[in-house]
Amino acid sequence: MKIRLLTENLASDMVWLAEWGFSAWIEYGNSRILFDTGFSDVYLRNARYADIDLNSVDVIALSHFHRDHTRGLLFHGFKDKKKLILHPRVMTAVLDTDDETVLSDYAAIQDRLANAFATHVEFCEGGFFLGEIPRTTDFEKGAFFDDPMIDDTALAFRTSQGAVVVSGCSHAGICNICEYAKQITAQPLHAVIGGFHLLHNEEPPVEQTIAYFKREKPEMLMPMHCSDFDIQARFQQEFGGPRPGAGSLIEIAD
């Protein structure tokens with residue numbers, strides 16, 4: 001399994017572009033998955049530099065409606081229809097605008113992409129779009145201020161070493177996501193990669209989240225994107241491991 005970060009807040013080195021957002025190219029078995037698209041064409045430009053043919057994608061999955069994860073679709077260059085997996089709220093939310101240009105651009109996307117609205121679905125053997133995440137922890141808000149974020153979700157993959165979770169922003173709560181991923185994959189956690197949404201202005205449950213992962217003991221823990229830098233540093237202090245950025249390649253044995 002290979003995960004190439006195409007969009008992230010930081011670049012892994014000077015040859016890659018970065019922006020506030022998230023996008024990952026995932027190769028899992030024989031499947032190629034584009035998870036989120038960032039805010040602009042950065043994911044396209046980084047994909048070209050990484051010699052990735054985005055038109056070869058099998059599945060496009062979106063984690064939630066926020067534009068730092070979806071707006072990049074406006075710049076897509078797909079030559080034929082692709083399978084798009086998302087919560088039904090996502091397209092209606094991004095279309096909640098008076099901007100005629102955005103409306104026409106997204107209408108073109110809907111015409112070019114074969115939409116597959118889904119909750120929990122196994123989109124390839126061992127690969128899961130988790131859909132709506134049950135709120136099971138007693139310490140995570142599972143919301144974005146007053147928005148319950150029912151559309152917020154993640155991907156989970158079965159591997160020989162355990163479940164691999166790739167999250168976009170984790171508004172649902174990264175621990176809630178991981179608990180559901182364990183249930184759906186029927187595996188313990190091996191790796192958790194992506195946005196953990198631990199931002200100081202939302203009073204995040206940092207200590208409880210660290211305690212959760214100390215109990216779960218994943219081999220690979222990589223918070224990024226929507227986690228404040230000092231909180232990311234705290235996770236590195238507690239768990240070790242690199243801090244990847246745009247352009248980073250993460251490899252995991254299937």
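Every number in this text was worked out from the coordinates using simple rules, so none of it is lab data. Quantities reported herein were computed from a predicted structural model and do not represent experimental measurements. Cβ atoms come from the backbone with ideal geometry, glycine included; neighbour counts cover every protein chain shown.
For the chain, a Gaussian network of Cα nodes joined below 10 Å ranks Gly38, Gly173, Gly240 by mean-square fluctuation, and the top entry is Gly240.
Straight-line cross-link reach from Lys217 at under 19 Å between alpha-carbon atoms covers these lysines, not counting any fewer than eight positions away in the same chain: Lys182. Note on the stretch 114-241: the alpha carbon radius of gyration divided by the globular reference 2.2 N^0.38 Å gives 1.00.
Net length available on complete extension from Glu251 to Asn55 is 68.4 nm, with 0.36 nm assigned per residue and the Cα-Cα distance removed.
Model label sites at His120 and Trp20, defined 7 Å from Cα along the beta-carbon direction, differ in position by 3.4 nm. Placing R0 at 35 angstrom, the Cβ-Cβ distance between Asn30 and Arg243 gives a FRET efficiency of 0.70 after rounding to 0.05. The stretch between Ser160 and Lys81 holds 25.2 nm of extra length on full extension. This uses 0.36 nm per residue minus the Cα-Cα distance. Modelled this way, with points 7 Å down the Cα-to-C-beta line, the labels at His200 and Thr136 are 3.3 nm from one another. So if I take the centroid of the Cα atoms in the stretch 62-84 and the same for the stretch 183-197, what is the distance between those two points in Å? What the calculation gives is 23 Å, centre to centre.
Could you tell me how many cubic angstrom of Cα convex hull volume the chain has per residue? Display every interim value, and only then the final one.
On the way: hull volume 29.7 nm³, N = 254.
Output value, Cα hull per residue: 117 Å³.
Ranked for footprinting exposure by Cβ neighbours inside 10 Å, fewest first, Phe22, Phe157, Phe75, Phe145 give Phe145, Phe75, Phe157, Phe22. Taking other residues whose beta carbon is less than 12 angstrom from the beta carbon of Phe128, and scoring Lys, Arg as +1 and Asp, Glu as -1, yields 0.
Highest mean packing comes first when the peptides 7-18, 50-61 are listed by Cβ atoms within 10 Å, giving 7-18, 50-61. Applying the Karplus relation 6.51 cos²θ - 1.76 cosθ + 1.60 with θ = phi - 60° to the stretch 221-238 yields 3J(HN,Hα) values of 9, 9, x, 7, 6, 9, 10, 4, 4, 5, 6, 4, 4, 4, 5, 5, 5, 6 Hz, where x marks Gly and Pro. Evaluate the distance, in nm, between pseudo-label points positioned 7 Å from the Cα of Gln183 and of Asp228 along their respective Cα→Cβ axes. In this crude spin-label approximation the distance works out to 3.1 nm. Phi angles of the stretch 24-31 translate, via the Karplus equation with coefficients 6.51, -1.76, 1.60 and θ = phi - 60°, into HN-Hα couplings of 9, 9, 10, 10, 9, x, 9, 9 Hz per residue; Gly and Pro are given as x.
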